[in-house]
Structures are given as C-alpha cells and as structure tokens.
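The values are calculated or read from the model by the stated rules, or taken from the named source; none is laboratory data. Values in this document were obtained by computation on a predicted structure and should not be read as measured data. With ideal geometry, Cβ positions are generated from the backbone for all residues, glycine too; neighbour counts draw on all protein chains shown. SASA here: full protein model, heavy atoms, side chains in, ligands and nucleic acids out. Shrake-Rupley method; radii C 1.70, N 1.55, O 1.52, S 1.80 Å.
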Amino acid sequence: MKNKIAVLLLAVSAFVAPLAAKADLIWYEGFNYPNGVLTNVAPAGLWTNFSGTADMIVSNHVLQVASTGGGLNRAGDEARFLGAAFTNAPQVLYASMTVICTNLPNGPGTYFSSFYNTSSGFSGRIQAFTNLATSPNTWRIGATGNGAATNALNGGLGVDLGLNVAYQVVARLDPVNLQACTIWINPISESDPSYSSSDSLGFATSTAINAFAFRQASTAATAAGVNSAFFYVTNVALATTFDEALTNVQPTNAVAPVFGTQPAGTTNFVNIPITLFGVVSGQGQMNITYQWYKGGLAFSNPNGNSPVLPFSSPQTTDSGSYTLVATTPYGLSTTSAPANVLISAQPVPPTITSGPASQSLYVGQNVTFSVMVSSPGNVSYQWKSNSVNIDGATSSSYTIANLQTNFAANYSVGVTNDVVANGVVSSNAVLTVSPAQSVSIGFLRSLVDPNTFLPTASPTQPFAITGVVTTFTNITSGNTASYWLQDSTGGINVFITGGSTFRPMQGDILNVTGVLSSFTSGLELDIDTNGLTQTSYTDTGVTTNLPTPKIIPLTITNNLALVNSTYAGSLVTIQNVSFGTNGGTTISATANQNVTVTNGAGQSFTVAFFDLDLDTAGQTLPSGNVPSITGILYGLSPTYSLAVTKFSDINTSATVNVTPIPLAFTSSGTNIVVSWGDPTFTLQSSTNATAGYTNMTGATSPYTNAIGTNSLFFRLIH
C-alpha cells in the first residue's frame with residue numbers, strides 16, 4: 001500500500017508542478033529529492049530542523065510525517081522559510097497540500113503541520129484526531145490558532161476521513177480580518193464549507209509568519225505507542241491567494257469521487273442495531289451528496305445526506321443488497337460495491353471463519369493464538385489447553401509469554417453468542433516448543449553458504465554454546481555488548497542487545513543462547529532478550545586460561561574456506577612483522593583504526609584497533625621488527641584483519657615462544673615423503689642446513705620428493 005500511495009502522490013506532483021507560475025505563489029514543494037533525511041537531501045538551507053533530530057524522511061518524493069513513539073521514535077521537525085518579501089508584516093496566507101493518513105492518531109490527536117515564526121512559535125495548527133469520528137478506522141481534521149486542543153467544542157470539519165486515501169488540505173491563516181485559522185478538505189473554491197478555529201492566533205496578530213512547518217509529536221501516538229499517527233505529504237504550496245494555493249496542488253478538471261472504504265455487509269438478528277457506512281474522497285468534499293439504494297431502488301436514510309446508514313431496530317424486511325452513490329458538486333458520481341445484509345428471525349450460532357493456527361517455536365519465545373468469528377449478537381470466548389478451560393483466557397486471542405517445553409499442547413477456543421445456548425469449538429492448534437540446540441562453535445561455522453560464508457540457519461532458531469571470552473574489552477557502544485568466545489572447535493562473536501552492563505573478563509566462561517547472524521565483524525550469535533526472547537546469556541563465574549593462539553601466515557586469506565571453518569573468530573598470531581612508517585604513531589582514541597603490517601617477504605596484513613578499547617587507545621605503535629601480534633581473526637569473507645584488544649598482545653620482546661610443527665619422513669622406493677600437520681605452513685628445502693632455503697612451490701602435505709645425490713634439509717615457515 002505504501003508504494004501505491006507514493007506512486008499516486010508522485011503522479012499528482014508531476015501533473016501540477018508546471019502550474020506554479022503566478023506572482024501570488026510563495027513557493028511550491030514537490031519533494032523531488034533523493035530518498036533520505038529531508039535536511040540532507042534538499043538543497044542546503046531550504047529546509048531547517050527546528051526541534052529534535054533531523055530525521056523527517058523523504059521517500060519516493062513524499063514527506064513522511066510520523067508521531068514520536070512506537071516503533072519509529074522520530075523527533076525531527078522541519079520548516080521552510082517564506083522569503084523576506086512575505087515576512088514584512090502580518091498578512092493572510094494560504095497553505096495547500098496532499099495528505100494521506102496510513103496510521104490513526106490517538107483520540108485527541110495533535111497538530112502535524114502549521115504556520116510558524118522561528119522566534120515566536122506556531123500559529124494556525126493543522127490537527128489530526130479520532131475522538132469525533134463516527135465510523136471505525138476513520139479520522140478527522142481540524143485547525144486551532146495558537147494551540148487549543150481539538151475537542152468536542154473545537155472539533156474541526158464534520159466529516160470522517162479514510163485511511164490510505166489522498167485528501168487535499170487547504171488552510172488559511174488570517175491574522176488581519178478573522179483572527180482565525182480556517183481549514184478545507186478537497187475544496188473547489190474558498191466558499192466551500194470550512195472550519196475556523198475558535199481560539200486566539202496569539203502572536204500572529206502582531207508578528208509576521210516567516211515559515212511553514214511539519215511536526216512529529218509524541219502526543220499523537222497511542223498510550224502503548226502502537227498505531228502511531230503516520231502521514232504522507234507532498235504537493236505543498238504556500239500562497240497569498242486561495243486559488244493559487246489550490247491550483248498548484250490539485251488538478252482543475254473535474255474527476256469522479258473514489259471510495260476509501262466500501263460499505264461492508266453484515267448478518268444479524270431482528271431488533272439488534274446495525275450500521276452501514278462508506279468513506280468517500282472527492283472534489284468539494286463537504287458538498288458531496290449521498291444516496292443509498294436497496295436492490296437498485298432509492299432508500300431513505302434517517303441520517304439524511306450522509307454516508308452512514310443506521311438501522312436502530314432492523315427487521316427481516318431490511319435484508320437485501322445495499323449500495324451507496326456519492327456525487328460531487330461537478331455532478332460526477334461513483335457507486336459502491338454491494339453490501340449484503342441478512343436480518344434473521346432465527347437464532348444462529350457463531351461461525352469460525354479463521355481458527356487458531358499450529359505453531360512451532362522455541363523455549364523463551366512468545367506465542368499468540370487468535371480466532372476470527374462471524375456471529376450475530378454479542379460474542380464470548382473461552383480458550384482451552386488439551387480441552388481444559390484456561391482461566392482468564394476469554395478474548396479473541398490468547399498469548400503465552402516465555403514458552404517452556406511443558407507448554408506444548410493442543411490449543412482451541414470455544415465461541416458462543418447471546419442468541420443461542422451452545423456455541424462452537426475450533427479445531428486444535430498444535431503448539432510445539434523446542435529447546436535451544438546445544439552445539440559447538442565449529443558446528444555453527446559449518447552452517448554457512450560455501451561461497452558467501454553467510455549463515456544458512458533459520459534467523460529464529462536458537463543455538464546454545466559454551467566458550468571462553470578471548471577479547472579484553474567490549475568493542476561496541478550504546479545499549480549493547482560485543483565479545484568473542486572460543487571453544488576447542490572455533491571462535492565466534494556474540495552481540496548482545498540490552499547488554500550495556502554486561503562486562504565479562506577475558507578468560508571468563510560464558511553460556512550463551514542466540515540466533516546465527518553476521519555483521520562486518522564476521523559470523524556472530526545474536527542475543528536480544530527483548531526482541532529475541534529465545535536468547536539468553538550467563539557468566540558461569542568460572543575463569544580459565546585462554547586458548548593457545550594459532551599461528552597463521554599473512555597469506556592465510558588465500559584459502560577462505562579454511563579461514564572460515566578453522567581460524568575466523570579465533571585467537572591467532574602473526575610473526576615477524578613491522579608497522580613500517582606507522583611505527584611511533586599513537587593509536588586513535590576517537591575512531592576505529594586499521595594499520596597495515598608487513599613481513600620480510602613483503603607480505604602484508606591488516607591490524608585493527610577499536611577506539612572503545614581503553615587498553616590500546618592512546619598507546620604508541622612500536623617501531624622496527626615486532627616478533628608477534630596476537631588477536632582475533634576479525635571480519636567477514638573476503639576481508640579479514642587481526643583485531644587487537646590488549647596492547648600487551650603486541651609482543652616486542654626478542655624471544656617468541658612458538659610450538660614447533662613436527663616434520664615426519666618416510667621413504668617410498670627412491671622417493672622421500674615429507675608430512676606435516678598444519679596446512680597453513682609452507683615447506684622449504686635447502687642443500688645447506690643454515691642457509692639457502694627456498695619454497696617448495698605447490699607442496700602440500702604429504703609431499704613426495706626424489707632422493708638425489710645431495711643431502712636435502714627441510715623446514716616449515718609462515
């Protein structure tokens with residue numbers, strides 16, 4: 001739906017933009033910018049952030065105006081200046097825009113747009129609210145002068161507006177004559193029915209408006225932050241006359257109205273009230289005429305000229321097919337789809353139209369079962385587990401939090417109404433609850449695509465591992481924690497959302513449960529005990545020695561499959577390297593830093609430092625030869641680096657303790673066979689035990705070489 005809305009608004013914008021040429025037009029805004037934050041993608045200084053962070057978004061040439069709170073948490077408010085020629089003194093101003101509401105505001109709502117003075121504040125506020133709407137899932141629009149809340153005494157235009165429907169909103173600020181803000185919906189002319197605010201314009205009587213603004217306010221969201229108000233806006237025009245503001249944003253040719261909400265049929269019993277309604281958008285919105293028809297014949301509406309048709313005490317004779325015809329002042333009409341009404345004299349039990357669905361989840365997750373019912377009268381529900389009533393589970397949905405394996409059962413719901421003695425029971429929904437699979441880190445590293453090395457496991461399946469913390473410090477900011485764990489089979493990053501206070505020590509043994517994911521740091525186990533309730537983390541309180549680092553050559557990334565399965569995420573060591581010209585420089589304390597090291601063979605590798613690591617930040621990189629550097633093999637294929645989280649892991653001493661890799665020799669006829677255990681080592685040979693060694697090109701273990709007349713000496717190097 002959002003894409004369709006964006007296309008519709010863009011089409012309107014493209015149609016009307018060429019009309020913006022008259023002298024009384026102040027400016028026209030079609031938001032024809034790249035997608036992104038408005039103050040970033042618009043020309044510099046055109047739109048100004050006046051409150052909160054600058055996060056009002058332009059997408060597909062449409063401005064997104066959202067309430068603060070809920071899932072979006074936007075707070076940026078933006079304004080565009082009128083220009084010096086229009087701010088010398090208070091004057092009558094007009095604003096027009098195309099508006100689509102996709103998520104309802106709360107009852108009292110608040111303003112989402114207004115005329116504005118950057119020194120004195122808001123005046124002439126365009127309000128959205130739901131308190132006075134008479135039809136379900138509809139909203140209303142109004143205006144206030146200097147800030148009075150919309151309410152029954154100041155309620156705006158008396159018409160219900162639909163969701164996902166484009167409306168033309170025109171507002172007039174008159175500080176000179178009426179001392180009021182006036183608003184229209186889809187007007188044809190300034191004489192169309194309108195609504196004028198009853199509260200004072202305040203500063204606008206003596207201070208000129210110098211901008212027009214859009215606002216994202218927390219007071220428009222529901223108490224739970226759900227279904228927060230959300231608007232799409234485009235085709236904004238500011239002018240000094242009604243006609244110029246309107247024609248710059250609205251086609252001047254007559255078009256038929258459209259239904260935003262079609263009348264819906266219903267089944268009910270005699271004397272139980274029902275209401276049919278439709279929501280229509282069209283030119284001359286407040287002057288649209290409505291006529292209901294039953295079976296093709298005109299039907300009298302007790303509400304008069306209204307899209308709402310009530311039946312206070314329906315009878316069987318009211319059964320039939322109803323349509324609604326809406327006609328604009330231009331004489332163009334549209335007819336709704338039929339709404340079939342059945343009024344029955346006989347009691348009818350409820351019908352389950354959509355029953356609860358079986359689900360397979362994991363320990364710690366939440367589950368919700370729901371049912372949809374078609375039924376006359378008042379409906380009641382009773383959820384059951386293995387056919388036994390569940391206390392308090394008496395709504396159309398049933399939620400179980402923090403699932404455990406003993407919650408696995410058959411769940412059903414009994415549905416009754418107040419017109420029959422007995423109801424119906426749904427079919428069983430089977431709930432399966434599985435514990436997290438306990439695995440090794442090596443097993444997790446096998447759950448990747450062989451080409452991209454990205455995870456192939458389900459993003460909801462939890463895995464439990466035990467490992468030792470190999471990094472010295474947390475390397476992420478905010479309400480998160482990031483550490484590397486290692487067991488005897490491999491290493492992996494664990495990223496904990498909500499772990500701002502979780503600070504295990506290097507060597508601590510952790511039990512963690514998470515879902516497999518990846519980031520630029522490499523393969524990771526994602527843990528979020530709020531968003532991913534099947535995940536958890538525990539410090540066992542046991543501390544142990546760190547695993548012995550694996551010595552790697554600088555050319556290790558020549559074999560990415562080996563890197564991913566054996567070395568990535570683990571403690572590794574590179575030997576006999578130099579920081580080169582970076583020797584003697586200070587490690588940054590304000591930004592992550594990558595430094596290249598090289599060895600005597602001219603091979604290079606990247607060493608990474610993190611600005612959040614207080615043990616390395618501000619330290620000085622050594623000059624000259626560095627016998628060894630130890631850290632995590634950090635990154636995601638094909639880019640890897642050595643991440644140092646403890647400065648003492650840069651070993652500048654002359655002696656490096658290296659575990660020898662043994663060579664094994666056997667003979668095969670006139671050949672000698674050389675074998676060694678670590679495939680990352682390169683075999684070299686020489687006829688001199690102390691000098692002149694050369695690489696055995698292509699030699700892999702076991703390597704066969706013909707025995708010559710000269711003695712051969714072999715060694716392994718990185």
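Structural remarks
- Each residue in segment 416-462 was checked for being more than 29 Å from the chain's Cα centre (by Cα) and farther than 27 Å from GLN404 by Cα, and 12 pass.
- VAL515 vs. criteria surrounded by 17 or more Cβ atoms within 10 Å (Cβ to Cβ), in contact with a strand residue (DSSP E or B) (Cβ under 6 Å, 6 or more places away or on another chain) and either in a strand (DSSP E or B) or of a type in the set (Phe, Trp, Tyr) (or both): yes
- Strands (runs of 3 or more DSSP E) contained in segment 23-99 and holding at least 2 residues touching a residue at least 40 places away in the same chain (Cβ under 8 Å) and under 18 Å from ALA128 (Cβ atoms): 62-66, 77-81
- Hits in segment 397-429 (condition: in a loop (DSSP other than H, G, I, E, B) and open to solvent by 50 Å² or more (accessible area, probe 1.4 Å)): ALA401, ASN402, GLN404, ASP418, ALA421, ASN422, SER427, ASN428
- Among the residues of segment 452-475, those identified as small (Gly, Ala, Ser) and at pLDDT 95 or above are ALA464, GLY467.
- ASP508 being open to solvent by 20 Å² or more (accessible area, probe 1.4 Å) and among the charged types (D, E, K, R): no
- Given (1) open to solvent by 30 Å² or more (accessible area, probe 1.4 Å); (2) part of a strand (DSSP E or B); (3) touching a Gly at 6+ places or on another chain (Cβ under 6 Å), index of the condition LEU324 fails: (1)
- Pairs with Cβ under 8 Å, 6+ apart, first in segment 589-602 and surrounded by fewer than 10 Cβ atoms within 10 Å (Cβ to Cβ), second part of a loop (DSSP other than H, G, I, E, B) and charged (D, E, K, R): THR590/ASP611; ALA591/ASP611
- In a residue-by-residue description of segment 613-633, the property of being part of a strand (DSSP E or B), open to solvent by 10 Å² or more (accessible area, probe 1.4 Å) and touching a residue at least 60 places away in the same chain (Cβ under 8 Å) applies to at least one position.
- Flag for ALA298 being in a strand (DSSP E or B), touching a Gly at 6+ places or on another chain (Cβ under 8 Å) and modelled with pLDDT of 95 or more: no
- Number of positions in segment 329-351 that are at pLDDT below 95 and either open to solvent by less than 40 Å² (accessible area, probe 1.4 Å) or not in a loop (DSSP other than H, G, I, E, B) (or both): 5
- Residue match in segment 541-550 (condition: within 17 Å of ILE632 (Cβ to Cβ) and touching a helix residue (DSSP H, G or I) at 6+ places or on another chain (Cβ under 7 Å)): yes
- Segment 484-505, residues that are at positive phi and open to solvent by less than 10 Å² (accessible area, probe 1.4 Å): GLY490
- Residue within segment 264-285 that is assigned to a helix (DSSP H, G or I), of a type in the set (Val, Ile, Thr) and modelled with pLDDT under 85 present: no
- Residues in segment 464-511 that are of a type in the set (S, T, N, Q) and assigned to a strand (DSSP E or B) were compared, and the one that is nearest to PHE610 (Cα to Cα) is SER482.
- Count - residues of segment 352-369 that are part of a strand (DSSP E or B) and either crowded, with 19+ Cβ neighbours inside 10 Å or of a type in the set (A, V, I, L, M) (or both): 5
- All of SER198, SER194 fail the test of being open to solvent by 10 Å² or more (accessible area, probe 1.4 Å), over 34 Å from the mean Cα position of the chain (by Cα) and at pLDDT 90 or above, apart from SER194.
- Flag: ILE465 does not match the condition of being over 29 Å from the mean Cα position of the chain (by Cα), under 21 Å from THR645 (Cβ atoms) and either of a type outside the set (Phe, Trp, Tyr) or open to solvent by less than 20 Å² (accessible area, probe 1.4 Å) (or both).
- Some residue of segment 373-386 being part of a loop (DSSP other than H, G, I, E, B) and of a type in the set (A, V, I, L, M, F, W, C): no
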